[in-house]
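Read through the structure below, which is laid out as structure tokens, and then see the notes.
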Amino acid sequence: MRAAFFDSGIGGLSVMHRALSMLPADEFIFFADEDHVPYGVRAPDEVLRLVDEAFRFLMSLDVNAVVVACNTATSVAVREMRRRYPIPIVGMEPAVKLAFDLYGSKKVLVTATPITINGDKIKRLIARLDRAEYVELLALPSLVDFAERQEFDSPAVEEYLRRALAPYDFEQFSSIVLGCTHFNYFKDTLRKILPSDIKFVDGNEGTLKELARRMNITPAAPRGAIDVRYYYSGRLVDDAAELERIGKYLRRLDRMIDIN
Ligand code: DGL
């Protein structure tokens, strides 16, 4: 199986990182649209055009499936991509239902990009759950820029998060949904700021289970190393400095995975 993981930037690595230990695949392609990140503050039409450009490139690599490892691109473009391209396409939505299923009756704080927060898709998702009064939405667009700069725990990051989270009375909340794949890099900094009983929830595992279902494979640790090729907006990443940049993200994700 050759599956592609697509994101506006390096957030999608958090999904592929999980897949590397969860799916018995032969080869992964990771595509970050580094020339156009961030998507979350652009006009939806522009994002649709950028996602389509990325898909056309991925089709030229003969991939068997695409994981849209980006809540923003899913919100704007997944339906149209499924109409245009005849392979399994798995999207990502903020894991609000999972948060209620796991942590019960208190409120859930859903964080994501402005496009996701303001989009119809999340409104429909919340309406289906019939718990609108238990969901608060918060856009954190600067986290995408911080993540792209590999700035994860600086005083500026901490100050940004403290300010954004200050208005919430966390006594009323059970959990925070990381509804943007770039946000997984900040779990240690968030852990410092949030009360210790607030849980983190993301959609990574659910998305990969859906990929496995669509590909007719059983989730399991891979037997050997999975070959991964990285692309930035259609250019193969093959120089040592850029591969080291990616390695640094993956090593950070190794540390984030156990922070719940
Ligand atoms: N990583 C993306 C997401 O999951 C969006 C980041 C951006 O480009 O704004 O929504």
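Which Rg and Dmax, in Å, describe the Cα atoms of segment 61-169?
16.2, 49
At 10 °C and a viscosity of 1.306 mPa s, what translational diffusion coefficient does Stokes-Einstein give for segment 128-176, taking Rh as the Kirkwood radius over Cα pairs? Give it in µm²/s as a whole number.
This corresponds to a translational diffusion coefficient of 125 µm²/s.
Note the direction-averaged projected area, equal to a quarter of the hull surface, for the Cα convex hull of the chain, in nm².
In nm², the orientation-averaged hull projection of the chain is 13.2.
If you build a Gaussian network model of the chain, linking Cα atoms that sit under 10 Å apart, which residue out of Asp188, Asp239, Asp26 swings the most?
Of the options given, Asp239 has the highest mean-square fluctuation.
Rounded to a whole number of µm²/s, how large is the Stokes-Einstein D of segment 102-255 at 10 °C and 1.306 mPa s, given Rh as the Kirkwood radius over C-alpha pairs?
Translational diffusion coefficient: 89 µm²/s.
Longest span of the chain, sites excluded, free of trypsin sites (Lys or Arg not before Pro) in DSSP loop with at most 16 other C-beta atoms within 10 Å?
Longest run free of exposed loop sites: 1-105.
Would you mind calculating the gained length between Ala156 and Ser105 on full extension (0.36 nm times residue separation, minus the Cα-Cα distance), in nm to one decimal?
Gain in length upon complete extension: 15.0 nm.
Once neighbouring chains are kept in place and the probe is 1.4 Å, which whole percent of the accessible area of segment 22-147 is contributed by carbon and sulfur?
Accessible surface attributable to carbon and sulfur in segment 22-147 totals 49 percent.
Starting from the Cα of Glu205, step 7 Å along the direction of its Cβ; do the same at Arg49; then give the gap between the two resulting points in nm.
About 4.1 nm, to one decimal.
Quick one: work out Rg over Rh on the C-alpha atoms of segment 46-105, Rh as Kirkwood radius.
1.10
Multiply the residue separation of Asp120 and Ser142 by 0.36 nm, subtract the distance between their alpha-carbon atoms, and state the gained length in nm to one decimal.
Roughly 5.7 nm would be gained on extension.
Quick one, what does Rg over Rh come out to for segment 109-199 if you take C-alpha atoms and the Kirkwood Rh?
So for segment 109-199, dividing Rg by the Kirkwood Rh gives 0.96.
Leaving ligands, DNA and RNA out of it, work out the accessible area of Met81 with a 1.4 Å probe and give it in Å² to the nearest 10.
0
Under a point-charge model restricted to the Cβ atoms of Lys and Arg (+1) and Asp and Glu (-1), what is the dipole moment magnitude of the chain relative to its Cα centre, in debye to the nearest 20?
Charge dipole, the chain, about its Cα centre: 740 debye, nearest 20.
At a Förster radius of 35 Å, what calculated FRET efficiency corresponds to the Cβ-Cβ distance of Val41 and Arg223, to the nearest 0.05?
0.25
How much accessible area per residue does the chain have, in Å², with a 1.4 Å probe?
44
Cross-chain or 8 or more residues apart, Cα under 15 Å: how many lysine pairs in segment 82-198 fit that? Count them up, please.
4
The values are calculated or read from the model by the stated rules, or taken from the named source; none is laboratory data. Since this is a predicted model, take the numbers as computed values, not measurements. All Cβ positions, glycine included, derive from the backbone under ideal geometry; neighbour counts span all protein chains shown. The protein model used for the area step is the full one, side chains on, heavy atoms only, and it has no ligands, DNA or RNA in it. Shrake-Rupley method; radii C 1.70, N 1.55, O 1.52, S 1.80 Å.
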